[in-house]
Amino acid sequence: MRFIGLISTLVITLYSFLIIIGFLPSMYTGSYVIAIILSSTWLVLSAYYFFTPITSVHLRAMRLITYHLMALATLIFIIGFSQPFAALYILLFIATNLYFGRTALILSIASFVLGAVVDMALRSQLDSFAIQQTTMSMFAIIFLGITTVGLMTAQETKRKTLVHSQARERLQYDRVLTIMNNLTDASFSTDAKGSVQIYNAAALDLLDTNDSIKGKNIGELFNLTDTDNTGVNLLTILKEATKATRRDDLNHTYGDGESIRLEMTFAPIRSSYSLKKNEKEGGYIIILRDVTKQKSLEEERDEFISVVSHELRTPITIVEGTLSNIDVLMKQPKSPDMDVLSTSVTTAHDQVLYLAKMVNDLSTLSRAERGVADATEDIDVHELMISMHHKYHAEAMTRNLLLEIDLGTKLGKVNASRLYLEELLQNFITNALKYTKEGSVTISAKRTKDVVRFTIKDTGIGISRGDQAKVFSKFYRSEDYRIRETNGTGLGLYVSTKLAHKLHTHVELKSRLNHGSSFSFELPIQ
């Protein structure tokens, strides 16, 4: 409006100047002095208003009133209401309505009518044709002004409606984007051709990229294969979907060859509005999750249950058969053979102990997996090792073995789960006692700087190189006949690795066949 005011003023001033010098004809014979004064005032005011910003509504109203007075004076004393340039008054109609509304517009029109009446009164000597011409020009300008204001108001209403619509659309988009970005699963929204429109941060994490993927085809972002290792195009899967679908049988392979298992939920977007006729698909929503670890755990769990069931079946069958045999012997009319009974009872007892050991190992494994005893405490290493020695000294004596203890000085304390640490040491000690026929078992704890190293060393049968890589697997037992002579679940060392993991350490095995073994691990001093 400031630019329009400046340009309009310059045009009116130039027009007035041309009339003053007689270059353009005019029906009016007003004073040229007044015309020069008005023109000069126009120039000064327009320049001042252009370079001085409006700071208040009151100041804007004063400027509009000044423009009205100047325009009316120019029309009355210089140009006249019947001249074409009188139509510039319409700009005042527009500005008044824009800044102050309909009431101000009515006042602006009224001022124009009043100016025209005053003009006709001052020019009473004019003939009726001139008065008629002035009257017609007045009504024409008013009509054009009202029409222009009406059209601009309608356009402004449409513009505001559009802006409001765009703001609501942006708000909805931001809401959807906020929801998606707060999802931990990778989420994508695509158009009907599979071009990515919206995605979240988890999607970039899944794809292992920081680049924008907006506009890229969803089928080209993933290198999918099914369980048969057959290539699958994600966009093809999406186009075949008619409802929300879930799949967890697809693998995605990264550029470096690493493969992950994906769980995918996807659905077509049904759109009631489309730019294309008869097109109802508005795109697709895809949610992806890396379930590699979950699937691995499920498969491991199923395998574990299968193996445990098999391992439990053998001792249970033996116990059942042995007890049935005892029952038959006890029901015979003659006295049963005590040697047979004793052997059967011993066999049943050994198998029950075997089952108890397996249940204990499984219980320990379960506690470690569930984190039941994860709470840590400060444990005095010296006192712990002394208590371990006292606990198993009697058992070593019954096996004609020497249980030695070798402790360093200033062992200090470690901060760990007492249950996990004790059970880890117990597993190694009981294994050492079980597989040592003669000689000794040494319980050792030595400090090096800020680390204490626990070691259980024996002079037993040892472990072959081939078996050393397998002994920490669940239910694994060597084919060595000396190991097969003793009862064992094959869970002890597997449980030990789980306990070591919970203690944030790892087990180091050193062994030589027929020369004994040593199991070591380290914990930081508190």
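Worth pointing out:
- Angle in degrees between helix 418-434 and the longest Cα principal axis of the chain, rounded to the nearest 10: 30 degrees
- Amide H to amide H, with H built 1.01 Å from N, N200 comes under 5 Å of S187, counting only residues 5 or more places away or on other chains.
- Other residues whose C-beta falls under 10 angstrom from the C-beta of S195 contribute a net charge of +2, scoring Lys and Arg +1 and Asp and Glu -1.
- In the range 374-526, Rg over Rh equals 0.95, where Rg is the alpha-carbon radius of gyration and Rh the Kirkwood radius from pairwise Cα distances.
- Each other residue within a Cβ distance under 13 Å of T347 adds +1 if Lys or Arg and -1 if Asp or Glu, for a net charge of -3.
- 10 Å Cβ shell holding at most 15 others, DSSP loop, GluC sites (Glu not before Pro): longest site-free stretch of the chain: 1-257
- Positive-end residue of A110, A348, A167, charge dipole of the chain with Cβ unit charges: A110
- Cα-only Debye scattering, the range 2-159: base-10 log of I(q)/I(0) at q = 0.11, 0.15, 0.20 Å⁻¹: -0.44, -0.82, -1.36
- Anisotropy class of the range 172-225 from Cα gyration tensor, a/c 1.5 cut: oblate
- The chain: angle of helix 57-74 to the longest principal axis, Cα-based, in degrees nearest 10: 30 degrees
- For the chain, the longest principal axis of the C-alpha atoms and the axis of helix 338-370 are separated by about 20°.
- Beta bridges assigned by DSSP with both partners in the chain are antiparallel in approximately 90 percent of cases.
- Near T455, once Lys and Arg are set to +1 and Asp and Glu to -1 for all other residues with Cβ below 11 Å from its Cβ, the sum equals 0.
- Sequence ranges 80-86, 221-227, 210-216, 146-152, ranked by mean other-Cβ count within 10 angstrom, highest first: 80-86, 221-227, 146-152, 210-216
- Of (i) 25.0; (ii) 34.0; (iii) 24.2, the label for Kirkwood radius over Cα pairs in Å derived from the coordinates: (ii)
Coordinate-derived values only; no laboratory data. Computed from a predicted model, the values in this text were never measured in an experiment. Glycine also receives a Cβ, built like all others from the backbone with ideal geometry; neighbour counts cover every protein chain displayed.
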